Structures are given as structure tokens and as C-alpha cells.
Amino acid sequence: MNRMSREQVIQLVWEARAAGRNPDLRNLDLHGLDLEEIDLKRAMFRGSNLSGANLSKADLSRTNLSKTDLSGANLNKAKLYLANLREAKLRGAYLQEADLSHADLRDTDLSWVQLQDANLQGAKFDKAILKGVDFRNVDLTRVDLSHTYRDDATFSN
């Protein structure tokens, strides 16, 4: 797994967009990077390590984050509309006020994630692990949590 800096990520994204392609950031070591407020729409992160990264206020709409490690990452106020997070690890991540509407979170480990005030409208959670998740003030419109593991989850408003 190659390690990249914030500047290298920005350069790669810029070059891909200039060539009319989606940014390819697959299988990279990006743990702990500060990627706050970066436009990463439609980027491919599949298999990358973003654990502990700061992605707050980043635009990750329509991004492929499947099989990505986002454990402990800061995704507060991030845009994850229609993002593919299938089989990702988000254990202990911060997603307060994030937009996860219509995101694919099937088979994802969301244990102990902070989701206060997040938008989860239409998100898919089949077989997700939601142990200890804080769903306070979360919009769960059109969300089916029936096939999830959710021990110790909090649902009060």
C-alpha cells in the first residue's frame, strides 16, 4: 500500500478531473491525513486505509469507499450522498451532521459510530453491524434496520 500526502491526493484528483476521469485512489495508505473540505466526488478509494483521517466537510458524493478502513475517521458534515461504503470499516468514526442519504452501508461495521443529526434517508444497511451506534436526531426515513446487528444502539431524539 503506497503512502500519499494531502498535496499528492489533491494533485492526483486534479489530474484525473482534467483528463475527464474519476480519481483513482484505490489501495492507498491515507491513514491520519487531513483531507478536510476537499472535493472527492466520484473518487475510487476501494481497499484504501483512511483510518483516523480528517474528512470533515469533504464531498464524497458517489464515491466508492467499499472495503475501505475508515475506523476512527472524522467525517463530520461530510457529503456521502449515494456513496458505496459496502463492507467498509467505520468502527468509532465520527459522522455527526453527515449526509449519508441513499448510501450503501450493507455489510459495513459501524460499531460505536457517532451519527447525531445525520441524514440517512434511503440508506441501505442490510447485515450492517450497528453495535453502540448513536442515532439521536437522525433522519431514518425509508431506512430498514431489520436485518442489522444493533445491540446497545441509541435511538432517542
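Things to note:
- Per residue, the average separation of C-alpha pairs within less than 8 Å and at least 6 apart gives the range 1-47 a relative contact order of 43 percent.
- Phi-based couplings in Hz for the range 95-103 (Karplus 6.51, -1.76, 1.60; Gly and Pro marked x): 10, 4, 6, 7, 9, 10, 4, 6, 6
- Of the GluC sites (Glu not before Pro) found in the range 1-37, the ones in coil according to DSSP and having at most 14 other Cβ atoms within 10 Å of their Cβ are E37.
- Translational diffusion coefficient (Stokes-Einstein; Kirkwood radius from C-alpha pairs) of the chain at 20 °C, 1.002 mPa s, in µm²/s: 142
- Over the chain, relative contact order from alpha-carbon pairs under 8 Å, at least 6 apart, %: 13
- A P(r) calculated from all alpha carbon pairs of the range 112-157, with 5 Å bins opening at zero, reads 6, 24, 31, 33, 5 percent.
Just so you know, all these numbers are worked out from the coordinates, no wet-lab data involved. The model shown is predicted, which means the values in this text are computed figures rather than measured ones. Glycine gets a Cβ as well: all are built from the backbone with ideal geometry, and neighbour counts include every protein chain shown.
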